[in-house]
1. Mind listing which GluC sites (Glu not before Pro) in region 106-157 are in a DSSP loop and have 12 or fewer other Cβ atoms within 10 Å?
2. Restricting attention to the alpha-carbon atoms of region 76-115, what are Rg (one decimal) and Dmax (integer), both in Å?
3. Under 12 Å from the Cβ of Met50, count the other residues' Cβ atoms, weight Lys and Arg +1, Asp and Glu -1, and hand me the total.
4. From zero outward in steps of 10 Å, how is the percent of C-alpha pairs of the chain spread across the bins?
5. Under the rule of at least 5 residues apart or a separate chain, name every residue whose amide H is placed under 5 Å from the amide H of Gln139.
6. Given the options Arg92, Arg71, Arg60, which has the most mean-square fluctuation in a GNM of the chain, springs set between C-alpha atoms less than 10 angstrom apart?
7. Helix-only mean residue ellipticity at 222 nm, the chain, DSSP H runs n ≥ 4 weighted -39,500 (n - 2.57), per residue, nearest 500. What is it?
8. For Arg76, Arg66, what's the fewest-to-most ordering of other Cβ within 10 Å of each Cβ?
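Computed from the coordinates by the stated procedures, all read-outs in this text should not be read as laboratory data. What you are looking at is a predicted structure, and each value in this text was computed from that prediction instead of being measured. Here the Cβ positions follow ideal geometry from the backbone for every residue, glycine too, while neighbour counts run over all protein chains shown.
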Amino acid sequence: MEPDRVRDTGEALRAAGEAATTGEPFDLPCIRCGVCCTVYQVRISPAEAMAIAEHMGLERWDWVGRYCDPRWHDTRSHLIRHDDGGCVFLNRFSGEVSLCSIYEVRPEACRDWAAGVFKPACRDGLKRFWQLEASEDGQLQGSAESLARLDAFLRLR
Ligand code: SF4
Ligand code: SF4
């Protein structure tokens, strides 16, 4: 799910270094890998559906027909559809970055979701796009080059 904005950018390496020293888990900011948006299908309320439909200039049921999963039969909610790349609103922006195309009106479930070094999706994103592992005690592990690359990425944001 699209992720909160990265907080204090440029802190990755320093924090990773401190974490390694203190034994504290690394406080992973969202790196916008988009993995969570590919593994979890988001359920939304009718009010959210209306808000997103309005944002996209569509009538609610037209929007539901286009963007919600027809296999979902709970009349009190909708399930956002997935295609081969995950959530239909996920856009691959560049090699390692994905963005939500409805970020301003993204569902509450997406707003509430926060990155974390112990979350499987975030760990997957670290590994897949940054060649970094998170140890069981939540510390980043990888080559100096990979850590520097991530640090540079976070500094730019
Ligand atoms: S609505 Fe946006 S943030 Fe939520 S799962 Fe889809 S792409 Fe991710
Ligand atoms: S999997 Fe984690 S790091 Fe990747 S976009 Fe989702 S919250 Fe952000």
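1. Qualifying residues, ordered by number: Glu136.
2. Spelled out, the Cα radius of gyration and Dmax of region 76-115 are 11.1, 37 Å.
3. Local net charge: -3.
4. 11, 37, 27, 17, 7, 0
5. Here the answer is Phe26, since their amide H atoms fall under 5 Å of that of Gln139.
6. The residue that fluctuates most here is Arg71.
7. Helix-only estimate at 222 nm: -11000 deg cm²/dmol.
8. Arg76, Arg66
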